[in-house]
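Inspection log for the structure reproduced underneath, given as structure tokens.
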Amino acid sequence: MKLLEANPYRNCDLGDKRLTDRAVLIAEALKVKYGHPLSEIFQSASDLKRGYEFFSNPKTTFNKLTQPSFKQTAQEIYGIPIVLAVGDTTYLDYKKILEKRDDYGPTGNGGNGLILHSSLALDPDFGQPLGLLWEKLWHRQHKVSPPPGETSTAKKKRLKKERLIAKNRAFKEKESYRWVEAFQKVNKLFKGLEMPDDGLLTRVIHVFDREGDIAEVFALQRKNKNTGVVVRAAHNRCLSGESSYLWEYVTSLEVQFIKEVELPETKKRSLRTATLEIRYCPVSINPPVRLKKSGNFNVYAVYATEINVPDGCPAFLTSLKCRGAEGQRGRGAEGKELVQISPLLPCSPAPLLKSTRF
């Protein structure tokens with residue numbers, strides 16, 4: 001079999017050269033017949049057997065097998081001025097596989113399986129996928145069954161105790177830590193490609209869903225050069241010096257410009273053009289008590305509302321500065337020019353975009 005000229009699995013750190021060689025061969029086979037069952041990918045029964053043995057080996061962990069691919073992605077996109085690192089969580093439901101139920105965990109809505117969080121590199125102008133930068137795979141623990149004959153009062157006490165334990169868990173032990181971890185891992189990946197003058201050639205803008213609206217994400221971004229963050233806002237945060245809250249203040253602003261966004265066809269929506277009214281301004285958000293020493297988050301809030309649609313606006317927070325529509329420049333605090341962020345507007349009905357600057 002002819003090997004790839006740049007097979008990332010040549011650099012696998014599996015602690016055994018034979019496993020590394022097998023990883024290279026498996027990668028070649030998967031490339032030729034990607035998406036097919038292993039019984040079709042491998043040409044002989046002996047190769048199939050070695051493939052199963054490879055995947056069941058305790059040395060071939062998920063992290064060790066994915067790192068070479070992440071490094072290759074970072075090297076290939078190195079030099080692109082701006083890259084979006086879009087984070088999202090996928091729930092892998094295997095509830096019909098009863099024999100492995102103990103190895104999986106609840107995924108919500110009666111599901112049973114694994115949880116996969118990914119950071120996908122995208123081109124900001126055309127939305128072209130550029131490759132994966134980081135992934136984390138885990139499963140939740142099954143809840144202990146309630147004791148037989150449990151009364152409603154005892155149930156309330158038990159649930160209250162469980163909520164208290166969950167609340168007091170260390171932040172790194174919580175699932176929400178994955179958003180901070182994604183930021184850290186991707187930045188570390190690019191720091192290995194740092195320029196001699198101590199600056200990164202590629203600026204990575206992390207794009208998170210509302211679960212990533214965590215103060216620790218903003219605090220972390222402040223410490224990292226040449227990075228940005230766009231987060232779908234989930235909290236009506238208190239503003240400093242405005243005697244107001246984020247939602248109320250940003251919705252009271254005048255419309256700065258109007259932008260049209262093409263919404264692609266989906267199973268629940270026809271192809272159409274959404275017309276958005278855009279409002280934006282600089283604000284200062286008070287930090288939560290746990291991060292009070294970090295100081296206020298000096299941000300730009302952008303509110304994008306689709307005209308003539310049902311209510312319900314998603315929100316985002318980003319470290320990018322703001323400017324108006326193409327050809328129109330906005331002004332921020334102290335009259336500084338704002339960077340255009342209009343290409344980052346989401347393709348979804350009635351979006352609310354909030355932009356944070358540090």
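The values are calculated or read from the model by the stated rules, or taken from the named source; none is laboratory data. None of these values were measured; they are calculated from a predicted model. Every residue, glycine as well, gets a Cβ built from its backbone with ideal geometry; the counts of neighbours run over all protein chains shown. Only protein heavy atoms, including side chains, enter the accessible area calculation; ligands, DNA and RNA are left aside. Shrake-Rupley method; radii C 1.70, N 1.55, O 1.52, S 1.80 Å.
Observations on the model:
- Full extension of the chain segment joining Ser176 with Lys160 gains 3.7 nm, where the gain is 0.36 nm per residue of separation less the Cα-Cα distance.
- For the stretch 98-158, relative contact order (Cα pairs under 8 Å, six or more residues apart, normalised by length) works out to 29 percent.
- Of the accessible area of the stretch 1-89, computed with a 1.4 Å probe over protein heavy atoms only, carbon and sulfur atoms account for 53 percent.
- Prolate/oblate/rounded label for the stretch 36-183 (Cα gyration tensor, a/c 1.5): oblate
- Global geometry of the stretch 238-305, whether rounded, prolate or oblate, following the gyration tensor of its Cα atoms and the 1.5 cut on a/c: prolate
- On a per residue basis, the stretch 76-146 carries 61 Å² of accessible surface, using protein heavy atoms and a 1.4 Å probe.
- Interchain or long-range residues, amide H under 5 Å from Val207's placed H: Ala85, Val86, Gly87, Val230
- Probe 1.4 Å, accessible area per residue of the stretch 200-239, Å²: 36 Å²
- The stretch 94-244 gives an Rg/Rh value of 1.07, both radii derived from C-alpha positions and Rh following Kirkwood.
- Karplus-based coupling profile of the stretch 221-226, in residue order and whole Hz: 4, 4, 8, 10, 6, 6, with θ = phi - 60° in 6.51 cos²θ - 1.76 cosθ + 1.60 and x standing for Gly or Pro.
- For the pair Ser44 and Arg272, the difference between a 0.36 nm per residue extended length and the Cα-Cα distance amounts to 77.0 nm.
- Peptide ranges 256-268, 160-172 listed from the most packed, as the mean C-beta count within 10 angstrom indicates: 256-268, 160-172
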